[in-house]
Amino acid sequence: MALDLETREQLIDTVRRFVTERLRPLEGKVAEDDAVPDDVVAEMRELGLFGLSIDPEYGGLGLTMEEECLVAVEMGRTSPAFRSVFGTNVGIGSQGLVMFGTDEQKAHWLPAIASGELVTSFALTEPEAGSDSAAVQTRAVRDGDHYVVNGSKRFITNADKAGLFTVMARTNPSEPGARGVSAFLVPADSAGLSIGKPEKKMGQHGAHVCDVVFEDVRVPAANRLGAEGQGFKVAMQVLDRGRLHISAVCVGAAERLIADCVAYARERRQFGKPITEFQLVQAMIADSRTEAMAARALMLETARKRDQGAAITLEAAAAKYFASEMVGRVADRAVQVFGGAGYIADYGIERFYRDVRLFRIYEGSSQIQQLVIARETLR
Ligand SMILES: Cc1cc2nc3c(=O)[nH]c(=O)nc-3n(C[C@H](O)[C@H](O)[C@H](O)COP(=O)(O)OP(=O)(O)OC[C@H]3O[C@@H](n4cnc5c(N)ncnc54)[C@H](O)[C@@H]3O)c2cc1C
(Lines give C-alpha, C1' and ligand atoms only; values in the text may rest on other atoms or scores of the structure.)
Protein backbone atom coordinates (compact mmCIF):
# COMPACT_ATOMS: atom_id res chain seq x y z
CA MET A 1 0.00 0.00 0.00
CA ALA A 2 1.27 3.48 -0.84
CA LEU A 3 2.55 5.69 1.97
CA ASP A 4 0.49 8.76 2.83
CA LEU A 5 1.97 11.87 1.26
CA GLU A 6 3.40 13.25 4.48
CA THR A 7 5.22 10.01 5.35
CA ARG A 8 6.48 9.80 1.79
CA GLU A 9 7.87 13.35 1.95
CA GLN A 10 9.52 12.55 5.30
CA LEU A 11 11.20 9.46 3.85
CA ILE A 12 12.47 11.31 0.76
CA ASP A 13 13.67 14.18 2.94
CA THR A 14 15.53 11.79 5.28
CA VAL A 15 17.28 10.09 2.34
CA ARG A 16 18.10 13.48 0.78
CA ARG A 17 19.68 14.68 4.02
CA PHE A 18 21.61 11.41 4.44
CA VAL A 19 22.94 11.80 0.89
CA THR A 20 23.86 15.47 1.30
CA GLU A 21 25.29 15.44 4.79
CA ARG A 22 26.69 11.93 5.17
CA LEU A 23 27.47 10.45 1.75
CA ARG A 24 28.56 13.35 -0.45
CA PRO A 25 31.49 14.31 1.79
CA LEU A 26 32.76 10.71 1.50
CA GLU A 27 32.62 10.43 -2.32
CA GLY A 28 36.35 11.00 -2.88
CA LYS A 29 37.39 8.68 -0.07
CA VAL A 30 35.11 5.84 -1.21
CA ALA A 31 36.50 6.09 -4.75
CA GLU A 32 40.07 6.11 -3.46
CA ASP A 33 39.61 3.28 -0.95
CA ASP A 34 37.35 1.30 -3.32
CA ALA A 35 35.16 0.58 -0.28
CA VAL A 36 32.12 2.02 1.49
CA PRO A 37 32.90 2.36 5.24
CA ASP A 38 31.19 -0.15 7.52
CA ASP A 39 29.59 2.55 9.67
CA VAL A 40 27.87 4.00 6.57
CA VAL A 41 26.55 0.54 5.69
CA ALA A 42 25.23 0.21 9.26
CA GLU A 43 23.43 3.56 8.93
CA MET A 44 21.88 2.41 5.64
CA ARG A 45 20.56 -0.64 7.48
CA GLU A 46 19.06 1.55 10.19
CA LEU A 47 17.37 3.73 7.60
CA GLY A 48 15.72 0.63 6.13
CA LEU A 49 17.35 1.09 2.72
CA PHE A 50 18.02 -2.65 2.24
CA GLY A 51 14.31 -3.40 2.58
CA LEU A 52 12.75 -0.66 0.43
CA SER A 53 10.98 -3.10 -1.89
CA ILE A 54 10.23 -5.87 0.60
CA ASP A 55 6.82 -6.28 2.21
CA PRO A 56 6.45 -5.02 5.83
CA GLU A 57 5.34 -8.57 6.68
CA TYR A 58 9.02 -9.51 6.25
CA GLY A 59 10.43 -6.39 7.87
CA GLY A 60 10.81 -4.18 4.78
CA LEU A 61 9.31 -0.79 3.98
CA GLY A 62 7.14 -2.21 1.19
CA LEU A 63 7.38 0.87 -1.02
CA THR A 64 5.44 1.16 -4.24
CA MET A 65 7.52 1.34 -7.42
CA GLU A 66 6.93 5.08 -7.61
CA GLU A 67 8.13 5.54 -4.02
CA GLU A 68 11.16 3.32 -4.61
CA CYS A 69 12.02 5.33 -7.73
CA LEU A 70 11.80 8.59 -5.78
CA VAL A 71 14.28 7.17 -3.23
CA ALA A 72 16.50 5.99 -6.10
CA VAL A 73 16.51 9.53 -7.55
CA GLU A 74 17.81 10.84 -4.21
CA MET A 75 20.48 8.13 -4.10
CA GLY A 76 21.44 9.07 -7.66
CA ARG A 77 22.59 12.46 -6.38
CA THR A 78 25.76 10.89 -4.99
CA SER A 79 28.33 8.33 -6.15
CA PRO A 80 26.47 5.28 -7.52
CA ALA A 81 28.68 3.00 -5.37
CA PHE A 82 26.61 3.97 -2.33
CA ARG A 83 23.37 2.78 -3.92
CA SER A 84 25.06 -0.44 -4.95
CA VAL A 85 25.57 -1.35 -1.28
CA PHE A 86 21.85 -2.11 -0.95
CA GLY A 87 20.82 -2.01 -4.64
CA THR A 88 20.93 -5.77 -5.17
CA ASN A 89 18.86 -6.38 -2.00
CA VAL A 90 16.21 -3.95 -3.22
CA GLY A 91 16.24 -5.07 -6.85
CA ILE A 92 17.85 -7.82 -8.86
CA GLY A 93 19.02 -9.92 -5.89
CA SER A 94 15.71 -10.14 -4.03
CA GLN A 95 12.93 -9.67 -6.54
CA GLY A 96 13.00 -13.17 -8.01
CA LEU A 97 12.23 -14.37 -4.49
CA VAL A 98 9.62 -11.64 -3.92
CA MET A 99 7.81 -12.36 -7.21
CA PHE A 100 8.23 -16.14 -7.55
CA GLY A 101 9.14 -17.44 -4.08
CA THR A 102 6.95 -19.76 -2.03
CA ASP A 103 5.74 -18.62 1.39
CA GLU A 104 8.39 -20.87 2.99
CA GLN A 105 11.20 -19.44 0.86
CA LYS A 106 10.09 -15.88 1.59
CA ALA A 107 9.76 -16.46 5.33
CA HIS A 108 13.19 -18.07 5.39
CA TRP A 109 15.18 -15.42 3.49
CA LEU A 110 13.34 -12.11 3.20
CA PRO A 111 13.61 -10.83 6.79
CA ALA A 112 17.43 -11.01 6.70
CA ILE A 113 17.48 -9.44 3.20
CA ALA A 114 15.18 -6.60 4.30
CA SER A 115 17.34 -5.81 7.34
CA GLY A 116 20.57 -5.96 5.32
CA GLU A 117 21.95 -8.73 7.50
CA LEU A 118 22.05 -10.85 4.33
CA VAL A 119 23.30 -9.42 1.02
CA THR A 120 21.89 -10.95 -2.17
CA SER A 121 23.27 -10.97 -5.72
CA PHE A 122 21.79 -11.79 -9.10
CA ALA A 123 23.88 -14.24 -11.14
CA LEU A 124 22.79 -14.37 -14.78
CA THR A 125 25.76 -13.22 -16.90
CA GLU A 126 28.41 -15.74 -17.94
CA PRO A 127 31.61 -15.49 -20.00
CA GLU A 128 29.71 -16.72 -23.09
CA ALA A 129 26.26 -15.36 -22.19
CA GLY A 130 26.03 -11.58 -21.82
CA SER A 131 23.45 -9.81 -23.95
CA ASP A 132 22.37 -13.26 -25.14
CA SER A 133 21.42 -14.13 -21.59
CA ALA A 134 19.14 -17.02 -22.59
CA ALA A 135 22.31 -18.84 -23.67
CA VAL A 136 23.43 -19.62 -20.09
CA GLN A 137 25.62 -22.71 -19.93
CA THR A 138 25.76 -23.19 -16.16
CA ARG A 139 24.14 -26.57 -15.61
CA ALA A 140 21.83 -27.74 -12.83
CA VAL A 141 21.32 -31.51 -12.92
CA ARG A 142 18.60 -33.06 -10.78
CA ASP A 143 19.87 -35.65 -8.28
CA GLY A 144 17.13 -36.84 -5.93
CA ASP A 145 15.92 -33.91 -3.87
CA HIS A 146 18.89 -31.77 -4.93
CA TYR A 147 20.32 -30.20 -8.07
CA VAL A 148 24.06 -30.34 -8.78
CA VAL A 149 25.24 -27.01 -10.23
CA ASN A 150 28.37 -26.53 -12.35
CA GLY A 151 29.50 -23.47 -14.28
CA SER A 152 30.66 -19.91 -13.84
CA LYS A 153 29.05 -16.49 -13.67
CA ARG A 154 30.79 -13.23 -14.56
CA PHE A 155 30.60 -9.58 -13.39
CA ILE A 156 28.28 -10.32 -10.45
CA THR A 157 27.62 -7.19 -8.37
CA ASN A 158 28.20 -7.58 -4.62
CA ALA A 159 29.33 -11.22 -5.07
CA ASP A 160 32.12 -10.70 -2.55
CA LYS A 161 29.61 -9.65 0.13
CA ALA A 162 26.65 -11.83 -0.80
CA GLY A 163 25.25 -14.52 1.44
CA LEU A 164 22.71 -15.61 -1.17
CA PHE A 165 22.66 -15.75 -4.97
CA THR A 166 19.73 -15.93 -7.38
CA VAL A 167 21.30 -18.13 -10.02
CA MET A 168 19.99 -18.88 -13.50
CA ALA A 169 21.14 -22.34 -14.66
CA ARG A 170 20.18 -24.71 -17.46
CA THR A 171 18.10 -27.65 -16.26
CA ASN A 172 17.19 -28.91 -19.72
CA PRO A 173 20.20 -29.37 -22.03
CA SER A 174 18.03 -30.42 -24.97
CA GLU A 175 16.37 -26.98 -24.84
CA PRO A 176 19.19 -24.54 -25.70
CA GLY A 177 17.14 -21.33 -25.31
CA ALA A 178 15.19 -19.56 -22.58
CA ARG A 179 12.88 -22.48 -21.82
CA GLY A 180 15.73 -24.70 -20.64
CA VAL A 181 16.68 -22.32 -17.80
CA SER A 182 15.60 -22.47 -14.14
CA ALA A 183 16.27 -20.09 -11.23
CA PHE A 184 17.69 -21.12 -7.87
CA LEU A 185 18.48 -19.58 -4.52
CA VAL A 186 22.04 -20.63 -3.72
CA PRO A 187 23.62 -19.80 -0.33
CA ALA A 188 27.16 -18.42 -0.70
CA ASP A 189 28.50 -20.88 1.85
CA SER A 190 27.44 -23.91 -0.25
CA ALA A 191 30.31 -26.39 -0.68
CA GLY A 192 31.93 -25.97 -4.12
CA LEU A 193 30.91 -22.31 -4.57
CA SER A 194 33.82 -19.87 -4.87
CA ILE A 195 34.11 -16.15 -5.55
CA GLY A 196 36.79 -14.52 -7.72
CA LYS A 197 38.72 -11.37 -6.88
CA PRO A 198 36.90 -8.06 -7.44
CA GLU A 199 37.52 -6.76 -10.99
CA LYS A 200 39.28 -3.45 -11.57
CA LYS A 201 36.67 -1.16 -13.14
CA MET A 202 36.44 2.14 -15.03
CA GLY A 203 34.32 3.74 -12.31
CA GLN A 204 31.85 3.15 -9.50
CA HIS A 205 34.78 2.35 -7.22
CA GLY A 206 33.49 1.10 -3.91
CA ALA A 207 31.06 -1.26 -5.68
CA HIS A 208 32.51 -4.66 -6.58
CA VAL A 209 31.87 -7.28 -9.24
CA CYS A 210 33.39 -10.76 -9.20
CA ASP A 211 33.15 -14.13 -10.90
CA VAL A 212 31.13 -16.80 -9.10
CA VAL A 213 32.21 -20.39 -9.79
CA PHE A 214 30.11 -23.49 -9.11
CA GLU A 215 31.84 -26.87 -8.84
CA ASP A 216 29.42 -29.68 -8.02
CA VAL A 217 27.39 -27.36 -5.77
CA ARG A 218 24.46 -29.27 -4.27
CA VAL A 219 21.38 -27.07 -4.11
CA PRO A 220 18.16 -28.39 -2.46
CA ALA A 221 15.31 -28.70 -4.98
CA ALA A 222 13.28 -26.69 -2.45
CA ASN A 223 15.50 -23.69 -3.38
CA ARG A 224 14.22 -23.55 -6.96
CA LEU A 225 12.28 -20.38 -7.76
CA GLY A 226 9.16 -21.14 -9.75
CA ALA A 227 8.80 -24.19 -11.95
CA GLU A 228 11.58 -25.86 -13.93
CA GLY A 229 12.09 -23.91 -17.15
CA GLN A 230 10.73 -20.68 -15.69
CA GLY A 231 14.13 -19.22 -14.80
CA PHE A 232 14.46 -16.92 -17.77
CA LYS A 233 11.00 -15.51 -17.11
CA VAL A 234 12.09 -14.87 -13.50
CA ALA A 235 15.21 -13.07 -14.75
CA MET A 236 13.33 -10.92 -17.28
CA GLN A 237 10.63 -9.83 -14.82
CA VAL A 238 13.31 -8.94 -12.30
CA LEU A 239 15.13 -6.94 -14.97
CA ASP A 240 12.00 -5.04 -16.12
CA ARG A 241 11.75 -3.70 -12.62
CA GLY A 242 15.50 -3.20 -12.23
CA ARG A 243 15.64 -1.14 -15.41
CA LEU A 244 13.12 1.28 -14.05
CA HIS A 245 15.07 1.62 -10.79
CA ILE A 246 18.27 2.31 -12.79
CA SER A 247 16.51 4.98 -14.85
CA ALA A 248 15.57 6.72 -11.57
CA VAL A 249 19.22 6.62 -10.45
CA CYS A 250 20.20 8.16 -13.81
CA VAL A 251 17.70 10.99 -13.29
CA GLY A 252 19.17 11.73 -9.84
CA ALA A 253 22.72 11.71 -11.19
CA ALA A 254 21.72 14.09 -14.02
CA GLU A 255 19.99 16.47 -11.58
CA ARG A 256 23.09 16.45 -9.36
CA LEU A 257 25.37 17.20 -12.32
CA ILE A 258 23.13 20.02 -13.52
CA ALA A 259 23.14 21.57 -10.02
CA ASP A 260 26.95 21.27 -9.92
CA CYS A 261 27.21 22.92 -13.36
CA VAL A 262 24.98 25.82 -12.31
CA ALA A 263 26.92 26.39 -9.05
CA TYR A 264 30.27 26.28 -10.81
CA ALA A 265 29.25 28.39 -13.80
CA ARG A 266 27.88 31.12 -11.50
CA GLU A 267 31.24 31.44 -9.75
CA ARG A 268 33.56 30.95 -12.69
CA ARG A 269 34.33 34.25 -14.44
CA GLN A 270 35.83 34.69 -17.90
CA PHE A 271 35.88 37.75 -20.16
CA GLY A 272 34.94 39.78 -17.08
CA LYS A 273 31.68 38.02 -16.24
CA PRO A 274 30.31 34.75 -14.87
CA ILE A 275 30.24 32.09 -17.59
CA THR A 276 26.47 31.66 -16.91
CA GLU A 277 26.06 34.84 -18.95
CA PHE A 278 27.32 33.17 -22.13
CA GLN A 279 24.44 31.78 -24.13
CA LEU A 280 26.51 28.87 -25.42
CA VAL A 281 27.01 27.77 -21.80
CA GLN A 282 23.31 28.36 -21.11
CA ALA A 283 22.47 26.12 -24.05
CA MET A 284 24.37 23.22 -22.48
CA ILE A 285 22.51 23.72 -19.20
CA ALA A 286 19.16 24.03 -21.02
CA ASP A 287 19.74 20.84 -23.02
CA SER A 288 20.71 18.91 -19.89
CA ARG A 289 17.74 20.24 -17.92
CA THR A 290 15.26 19.41 -20.69
CA GLU A 291 16.54 15.87 -21.12
CA ALA A 292 16.60 15.21 -17.35
CA MET A 293 13.00 16.44 -17.06
CA ALA A 294 11.90 14.20 -19.92
CA ALA A 295 13.61 11.17 -18.36
CA ARG A 296 12.02 11.93 -14.97
CA ALA A 297 8.55 12.14 -16.54
CA LEU A 298 8.94 8.85 -18.44
CA MET A 299 10.38 7.08 -15.40
CA LEU A 300 7.60 8.25 -13.05
CA GLU A 301 4.82 7.52 -15.51
CA THR A 302 6.19 4.00 -15.99
CA ALA A 303 6.51 3.45 -12.23
CA ARG A 304 2.87 4.51 -11.71
CA LYS A 305 1.79 2.22 -14.52
CA ARG A 306 3.57 -0.70 -12.86
CA ASP A 307 1.93 0.18 -9.53
CA GLN A 308 -1.43 -0.12 -11.29
CA GLY A 309 -0.51 -3.67 -12.29
CA ALA A 310 0.17 -3.03 -16.00
CA ALA A 311 2.95 -4.72 -17.98
CA ILE A 312 5.86 -2.33 -18.44
CA THR A 313 8.41 -4.24 -20.52
CA LEU A 314 8.35 -1.65 -23.32
CA GLU A 315 8.21 1.38 -21.03
CA ALA A 316 10.94 0.15 -18.66
CA ALA A 317 13.25 -0.52 -21.61
CA ALA A 318 12.49 2.92 -23.05
CA ALA A 319 13.04 4.62 -19.67
CA LYS A 320 16.35 2.82 -19.09
CA TYR A 321 17.50 3.47 -22.67
CA PHE A 322 16.62 7.16 -22.60
CA ALA A 323 17.73 7.90 -19.03
CA SER A 324 21.08 6.11 -19.24
CA GLU A 325 21.96 7.71 -22.59
CA MET A 326 20.68 11.06 -21.24
CA VAL A 327 22.91 10.99 -18.15
CA GLY A 328 25.88 10.15 -20.39
CA ARG A 329 25.24 13.32 -22.40
CA VAL A 330 24.63 15.37 -19.24
CA ALA A 331 27.92 14.15 -17.71
CA ASP A 332 29.75 14.95 -20.94
CA ARG A 333 28.32 18.49 -20.94
CA ALA A 334 29.22 18.84 -17.26
CA VAL A 335 32.87 18.18 -18.08
CA GLN A 336 32.57 20.85 -20.78
CA VAL A 337 30.93 23.45 -18.50
CA PHE A 338 33.70 22.90 -15.93
CA GLY A 339 36.36 23.24 -18.67
CA GLY A 340 39.80 22.06 -17.54
CA ALA A 341 38.47 21.59 -14.00
CA GLY A 342 36.03 19.03 -15.40
CA TYR A 343 38.98 16.86 -16.33
CA ILE A 344 40.73 17.21 -12.96
CA ALA A 345 39.93 14.61 -10.29
CA ASP A 346 39.50 17.02 -7.33
CA TYR A 347 36.28 18.47 -8.79
CA GLY A 348 34.58 15.05 -8.95
CA ILE A 349 33.02 15.67 -12.37
CA GLU A 350 35.32 13.31 -14.25
CA ARG A 351 34.52 10.65 -11.63
CA PHE A 352 30.79 11.01 -12.30
CA TYR A 353 31.49 10.90 -16.04
CA ARG A 354 33.15 7.49 -15.56
CA ASP A 355 30.58 6.29 -13.00
CA VAL A 356 27.52 6.88 -15.19
CA ARG A 357 29.05 5.11 -18.18
CA LEU A 358 28.01 1.76 -16.71
CA PHE A 359 24.31 2.57 -16.86
CA ARG A 360 24.34 2.16 -20.65
CA ILE A 361 25.78 -1.34 -20.33
CA TYR A 362 24.40 -3.37 -17.43
CA GLU A 363 20.87 -4.69 -16.87
CA GLY A 364 20.75 -4.82 -20.68
CA SER A 365 22.88 -2.57 -22.90
CA SER A 366 21.31 0.30 -24.85
CA GLN A 367 21.27 -1.91 -27.94
CA ILE A 368 19.33 -4.60 -26.07
CA GLN A 369 16.84 -1.96 -24.85
CA GLN A 370 16.42 -0.83 -28.48
CA LEU A 371 15.69 -4.43 -29.51
CA VAL A 372 13.10 -4.79 -26.72
CA ILE A 373 11.44 -1.47 -27.63
CA ALA A 374 11.29 -2.43 -31.32
CA ARG A 375 10.03 -5.96 -30.56
CA GLU A 376 7.26 -4.65 -28.32
CA THR A 377 6.32 -1.95 -30.84
CA LEU A 378 6.27 -4.25 -33.84
CA ARG A 379 4.43 -7.03 -32.02
C1 LIG B 1 29.99 -3.33 -13.32
C2 LIG B 1 29.08 -4.40 -13.84
C3 LIG B 1 28.14 -4.97 -12.99
C4 LIG B 1 27.33 -6.02 -13.45
N5 LIG B 1 26.48 -6.65 -12.57
C6 LIG B 1 25.85 -7.79 -12.97
C7 LIG B 1 25.10 -8.57 -12.03
O8 LIG B 1 24.98 -8.23 -10.85
N9 LIG B 1 24.51 -9.72 -12.47
C10 LIG B 1 24.62 -10.15 -13.77
O11 LIG B 1 24.08 -11.21 -14.09
N12 LIG B 1 25.31 -9.43 -14.70
C13 LIG B 1 25.94 -8.27 -14.31
N14 LIG B 1 26.67 -7.53 -15.22
C15 LIG B 1 26.76 -8.00 -16.60
C16 LIG B 1 26.06 -7.08 -17.58
O17 LIG B 1 24.66 -7.19 -17.46
C18 LIG B 1 26.58 -7.41 -19.00
O19 LIG B 1 27.92 -6.97 -19.05
C20 LIG B 1 25.74 -6.77 -20.09
O21 LIG B 1 24.46 -7.32 -20.15
C22 LIG B 1 26.39 -6.88 -21.47
O23 LIG B 1 26.83 -8.19 -21.71
P24 LIG B 1 28.34 -8.41 -22.20
O25 LIG B 1 29.24 -7.69 -21.25
O26 LIG B 1 28.57 -9.86 -22.35
O27 LIG B 1 28.45 -7.72 -23.57
P28 LIG B 1 28.08 -8.36 -25.07
O29 LIG B 1 26.81 -9.07 -24.92
O30 LIG B 1 29.29 -9.12 -25.47
O31 LIG B 1 27.90 -7.07 -25.88
C32 LIG B 1 28.97 -6.37 -26.51
C33 LIG B 1 28.36 -5.30 -27.43
O34 LIG B 1 27.54 -5.93 -28.43
C35 LIG B 1 26.24 -5.40 -28.40
N36 LIG B 1 25.27 -6.43 -28.76
C37 LIG B 1 25.18 -7.69 -28.26
N38 LIG B 1 24.16 -8.35 -28.81
C39 LIG B 1 23.58 -7.49 -29.68
C40 LIG B 1 22.47 -7.56 -30.57
N41 LIG B 1 21.72 -8.68 -30.66
N42 LIG B 1 22.17 -6.49 -31.33
C43 LIG B 1 22.91 -5.36 -31.23
N44 LIG B 1 23.96 -5.22 -30.42
C45 LIG B 1 24.29 -6.26 -29.65
C46 LIG B 1 26.05 -4.91 -26.97
O47 LIG B 1 25.04 -3.93 -26.87
C48 LIG B 1 27.42 -4.35 -26.69
O49 LIG B 1 27.52 -3.06 -27.24
C50 LIG B 1 27.45 -6.46 -14.80
C51 LIG B 1 28.38 -5.85 -15.65
C52 LIG B 1 29.19 -4.85 -15.19
C53 LIG B 1 30.22 -4.26 -16.13
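The values are calculated or read from the model by the stated rules, or taken from the named source; none is laboratory data. Everything numeric in this text was worked out from a predicted model, so none of it was measured. Reconstructed Cβ throughout: ideal geometry from the backbone, glycine too, with neighbour counts over all protein chains shown. The protein model used for the area step is the full one, side chains on, heavy atoms only, and it has no ligands, DNA or RNA in it. Shrake-Rupley method; radii C 1.70, N 1.55, O 1.52, S 1.80 Å.
So that you can scan it fast, the table gives a plain yes or no per residue for (1) assigned to a loop (DSSP other than H, G, I, E, B); (2) in contact (Cβ under 8 Å) with a residue 24 or more places away in the chain; (3) open to solvent by 30 Å² or more (accessible area, probe 1.4 Å):
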{"position": "LEU11", "(1), (2), (3)": "no, yes, yes"}
{"position": "THR14", "(1), (2), (3)": "no, yes, yes"}
{"position": "ARG22", "(1), (2), (3)": "no, no, yes"}
{"position": "GLU27", "(1), (2), (3)": "no, yes, no"}
{"position": "GLY62", "(1), (2), (3)": "yes, yes, no"}
{"position": "ALA81", "(1), (2), (3)": "no, yes, no"}
{"position": "VAL85", "(1), (2), (3)": "no, yes, no"}
{"position": "GLY96", "(1), (2), (3)": "no, yes, no"}
Just to be sure I understand, how many residues within the range 185-207 are more than 19 Å from the chain's Cα centre (by Cα) and within 30 Å of GLU350 (Cβ to Cβ)? 2
Report yes if some residue within the range 204-217 is touching a Phe, Trp or Tyr at 6+ places or on another chain (Cβ under 7 Å) and either away from the ligand (no atom under 12 Å from the Cβ) or open to solvent by 30 Å² or more (accessible area, probe 1.4 Å) (or both); otherwise report no. no
Say whether the condition of being modelled with pLDDT of 95 or more, closer than 30 Å to ILE349 by Cβ and crowded, with 24+ Cβ neighbours inside 10 Å is met by at least one residue in the range 257-270. yes
Out of (1) under 22 Å from LEU49 (Cα atoms); (2) surrounded by fewer than 24 Cβ atoms within 10 Å (Cβ to Cβ); (3) within 10 Å of the ligand (Cβ to nearest atom), what's the single condition that is false for ALA123? (2)
Can you say whether ASP160 is more than 11 Å from the ligand (Cβ to nearest atom) and under 17 Å from the mean Cα position of the chain (by Cα), as far as the supplied structure shows? yes
PRO220 being at pLDDT below 95 and either open to solvent by 50 Å² or more (accessible area, probe 1.4 Å) or more than 16 Å from the ligand (Cβ to nearest atom) (or both): no
Residue hits (the range 161-186; in a loop (DSSP other than H, G, I, E, B) and open to solvent by 30 Å² or more (accessible area, probe 1.4 Å)) are LYS161, ASN172, PRO173, SER174, GLU175, PRO176
Filter pass, GLY192 being open to solvent by 20 Å² or more (accessible area, probe 1.4 Å), in contact with a Ser or Thr (Cβ under 8 Å, 6 or more places away or on another chain) and away from the ligand (no atom under 14 Å from the Cβ): no
Just checking, does the range 128-149 include any residue being within 15 Å of the ligand (Cβ to nearest atom), surrounded by fewer than 18 Cβ atoms within 10 Å (Cβ to Cβ) and among the polar types (S, T, N, Q)? yes
Given the conditions (1) more than 12 Å from the ligand (Cβ to nearest atom); (2) open to solvent by 30 Å² or more (accessible area, probe 1.4 Å), report the number of the one that PHE155 does not fulfil. (1)
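One line per residue, one yes/no per condition, for (1) under 21 Å from HIS205 (Cα atoms); (2) touching a helix residue (DSSP H, G or I) at 6+ places or on another chain (Cβ under 9 Å); (3) without any contact (Cβ under 8 Å) to a residue 12 or more places away in the chain:
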residue: GLU315; (1), (2), (3): no, yes, no
residue: ALA318; (1), (2), (3): no, yes, no
residue: ALA323; (1), (2), (3): no, yes, no
residue: GLY328; (1), (2), (3): yes, yes, no
residue: VAL337; (1), (2), (3): no, yes, no
residue: TYR343; (1), (2), (3): yes, yes, yes
Which listed residue is assigned to a helix (DSSP H, G or I), crowded, with 20+ Cβ neighbours inside 10 Å and not basic (Lys, Arg), from GLU57, GLU46, GLU104, GLU67: GLU67
Cross-chain or 6+ apart pairs with Cβ under 8 Å, the range 353-379 first and open to solvent by 80 Å² or more (accessible area, probe 1.4 Å), then within 7 Å of the ligand (Cβ to nearest atom): GLN367/SER131
Output the number of residues of the range 187-233 satisfying the condition of being in contact (Cβ under 8 Å) with a residue 40 or more places away in the chain, part of a strand (DSSP E or B) and more than 17 Å from MET99 (Cβ to Cβ). 12
Identify all residues within the range 323-336 that are away from the ligand (no atom under 16 Å from the Cβ), open to solvent by 10 Å² or more (accessible area, probe 1.4 Å) and not polar (S, T, N, Q); write none if there are none. ARG329, ASP332, ARG333, VAL335
